[in-house]
Amino acid sequence: MATERPVRLVLDASLLLDPVGAGAPVPTLRPGAEALLRRLRHSNLGVAICHPEEMPTTVSGFLEMAADLNSFGYISLPAPTGNHLLNELMLEWSRTSSCFYATSTVDEDLFSELQSHNWKVIAVDNECGTKDSGVVNIGKLQELLITLATLIKKEIASSSILMVGYAMKPSREEDFAKRGAFPLYPSQNGLIFVPLSFELPLASQLQEVDIILHKMTDEIISIDPNCSISFPRGISFSAGMSEVIRFMEEYPDFCIIDPFKNISPLLDRLQIQEILVRLQELGSEGRPKLRAPHSLKVINFSGSELQKQLAEANLSFPLIVKPQVACGVADAHNMALVFQIEEFSNLSVPLPAILQEYIDHGSKIYKFYVIGDKVFHAVKTSMPNANLLKSSSGDEPLTFNSLKTLPVATKEQLLLNRAQDNKSLNIGVVEEAAKLLKESLGLTIFGFDVVVQEGSGDHVIVDLNYLPSFKEVPDSEAMPAFWDAIRQSYESKKGKVQT
Ligand SMILES: Nc1ncnc2c1ncn2[C@@H]1O[C@H](COP(=O)(O)OP(=O)(O)OP(=O)(O)O)[C@@H](O)[C@H]1O
Ligand SMILES: O=P(O)(O)O[C@H]1[C@H](O)[C@@H](O)[C@H](OP(=O)(O)O)[C@@H](OP(=O)(O)O)[C@H]1O
Ligand SMILES: [Mg+2]
Ligand SMILES: [Mg+2]
């Protein structure tokens, strides 16, 4: 579906270099230029940096290095010569590609030369362009990507091209982008991805965008621990995300992946538990039982009360203790394995907390990912059985951060497990659960963790996450599924709005 013609972008040095540092021994990039280069590296466009030939070698060397660092097809070009004849390569590109030239320097002769060879010129942060010059003028460097995306969409002139504006924290964006998830040149199913910038007016960006993709939990400032989470109650968001939320209230028919209300239960391990308990009806004759772990919510860890509550909830030691808030705040992944009631005194897990039965599962966890109508899974090494953990923890609870310091099985423990007759995974049962979960959650992309209990063979879902990284799924399978999921979600929303 993508255009036959590749897209080339030439960035003039004036756009990248910080004018404040001009003449300094070491040149620097202007604010926003580094992020721009990083995003362009994974954009699927052919990008080159150009600079005037007569530039000091410190500056040209710096630019060449920037080009090199972003090696994704970057080519360092000499500037067009004095009489504005385009360099051979640029002439060649204009015959084979859709070409864009972005600059902060006004050179009307050069602009008309470029335009006569079908280049589109984008001038950033200068007043030069007259309405009729054909030059696209933008105010800020941060507007370049959305401007390019809009022009590329126009150039392709196909109504099936959709623009996806995404919002998530930089580290997550980088992880996805590195895998080619966010091309500016359309994906094989016609999606163009642009980051939504909270530094620019949102309304004008959303005028161009067809779909919003977001990890709303990356934009949480705080969650009120004394308030049951039910979006938007109990959660405060960054100013940027608050604006997206207001926009969606005003335009409920706009396509968002996924709606805030549908994601909100996954911020709360108590609500996750309630969702999982409803799945238990799935079990049937001759198949393993699929279930949630027995759990209990507590608002403090005070001993006498707790003992009674544990008995009522049918819970026995060891227990895994998790914060009720499941994600989005720094301490949401601070957990503990507790072997006896005394270990609750001074436990450092944030309250309210969820106490879960600890499932011995032979150190193997199955990470399931639902991406649109596809279900993937990967096997990962997990926590060893409790008896192996207890001996190392003495009389202390075993505290850990599940993202950073999860106590996974050692090689020796894994070998020991292999020698045992472990129950195997019944993919069919879990895939059925995945479908039911998808329907009940109303989400496009989510993941959940399954452990198979030693002895009983019960399939126990211990975690449910919105928009996980699904990095264990090979990119060649994950990316097309990801793009299809987004497109299908848009089409189904559009279908509903029209009927
Ligand atoms: N009830 C349980 N019984 C046995 N092991 C468990 C249980 N719950 C969690 N674990 C183990 O602890 C790990 C972390 O727990 P969990 O997945 O709930 O944390 P999380 O911080 O929400 O993780 P994620 O990064 O996947 O969101 C699991 O991957 C699994 O190895
Ligand atoms: O990347 P995978 O393994 O799919 O798991 C994610 C979890 O599901 C999220 O809960 C983590 O997000 P938070 O940073 O919001 O807690 C998130 O943490 P991150 O901020 O380290 O990316 C991820 O670990
Ligand atoms: Mg998990
Ligand atoms: Mg989780």
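Key figures
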quantity: Charge-dipole axis of the chain as Lys and Arg at +1 and Asp and Glu at -1 on Cβ define it, positive-most pick from THR217, LEU16, ALA203; calculated: THR217
quantity: Selection from LEU315, MET335, CYS227 lying farthest towards where the dipole of the chain points positive, charges on Cβ; calculated: LEU315
quantity: In order through the stretch 250-264: 3J(HN,Hα) via Karplus (6.51 cos²θ - 1.76 cosθ + 1.60), integer Hz, x for Gly, Pro; calculated: 6, 10, x, 7, 5, 7, 10, 10, 10, x, 4, 4, 6, 7, 3
quantity: Of all accessible heavy-atom area on the chain, the percent that carbon and sulfur account for (1.4 Å); calculated: 52
quantity: Interchain or long-range residues, amide H under 5 Å from ARG30's placed H; calculated: LEU17, ASP18
quantity: The stretch 7-148, accessible area per residue, ligands and nucleic acids excluded (1.4 Å, Å²); calculated: 47
quantity: Nearest-ten-degree value, helix 144-156 long axis tilted from longest Cα axis of the chain; calculated: 80
quantity: Residues GLU412 and GLN488, FRET efficiency given R0 of 35 Å [Cβ-Cβ distance, rounded to 0.05]; calculated: 0.15
quantity: Virtual spin-label span in nm between GLN340 and GLN307, 7 Å along Cα→Cβ; calculated: 1.3
quantity: For the stretch 267-466: accessible area per residue (Å², 1.4 Å); calculated: 46
quantity: Relative packing of 97-105, 336-344, which averages over residues the other C-beta atoms within 10 Å, highest first; calculated: 97-105, 336-344
quantity: Dipole moment magnitude, nearest 20 debye, the chain about Cα centre, only Lys, Arg, Asp, Glu C-beta charged; calculated: 1160
quantity: Residues whose placed amide H lies under 5 Å from that of ASP268, excluding near-sequence neighbours; calculated: ALA326
quantity: Three-way shape call for the stretch 7-148 based on the alpha-carbon gyration tensor, with the a/c threshold at 1.5; calculated: rounded
quantity: Built amide H within the under 5 Å cut-off of ASP463, gap 5+; calculated: ASP449
quantity: Largest-first ordering by accessible area, 1.4 Å probe, given options SER492, SER382, SER402; calculated: SER492, SER402, SER382
quantity: Cα→Cβ-extended label distance, 7 Å offset, between LYS471 and ASN189, nm; calculated: 2.4
quantity: Distance between modelled label sites at LEU89 and LEU403, nm, 7 Å Cα→Cβ extension; calculated: 4.0
quantity: Linear extension gain, TYR251 paired with ASN300, 0.36 nm per residue minus alpha-carbon span; calculated: 13.5 nm
quantity: Additional length obtainable on full extension of the chain from LEU351 to SER316, 0.36 nm per residue less Cα span; calculated: 10.6 nm
quantity: Accessible surface, 1.4 Å probe, highest first, among residues MET241, MET248, MET55; calculated: MET55, MET248, MET241
quantity: Estimated 222 nm signal from helices in the chain, with DSSP H stretches of n ≥ 4 weighted -39500 (n - 2.57), rounded to 500; calculated: -9500 deg cm²/dmol
quantity: For the stretch 7-148: relative contact order, % (alpha-carbon pairs under 8 angstrom, 6 or more apart); calculated: 24
quantity: Residues ASN426 and LYS390, FRET efficiency given R0 of 25 Å [Cβ-Cβ distance, rounded to 0.05]; calculated: 0.25
quantity: Computed over the chain: relative contact order in percent, which uses C-alpha pairs under 8 Å that are six or more apart; calculated: 11
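The values are calculated or read from the model by the stated rules, or taken from the named source; none is laboratory data. Given the structure is predicted, the values throughout are model-derived calculations rather than measurements. Neighbour counts are summed over all protein chains in view; Cβ atoms, including those assigned to glycine, are modelled from backbone coordinates with ideal geometry. What goes into the accessible areas is simple: the full protein's heavy atoms, side chains included, and nothing from ligands, DNA or RNA. Shrake-Rupley method; radii C 1.70, N 1.55, O 1.52, S 1.80 Å.
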